[in-house]
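A short worksheet on the structure shown next.
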Amino acid sequence: MADKKKGPSKIKGRWNYCSFCGKSQDEVHKLIAGTSVFICDECVEM
């Protein structure tokens, strides 16, 4: 059985990044996904 590694999830072969500040999923606490954009918890707080 293949090992599953934990880490940022991938959608269509791309890492998830905040569409506003550009931080990756592993740089923030939470990344919220929309239909075609992402926003991190830090940008939501601003």
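Each other residue within a Cβ distance under 11 Å of His29 adds +1 if Lys or Arg and -1 if Asp or Glu, for a net charge of -3.
Around the amide H of Phe38, modelled in the peptide plane, lie the amide H atoms of Ser19, all under 5 Å away and 5 or more residues distant in sequence or on another chain.
Every read-out reported here was derived from the displayed coordinates using simple, explicitly stated rules and does not represent laboratory data. Please read these numbers as outputs of a predicted model, since none were measured by experiment. Ideal geometry is used to build each Cβ from the backbone, glycine not excepted, and the neighbour counts take in all protein chains shown.
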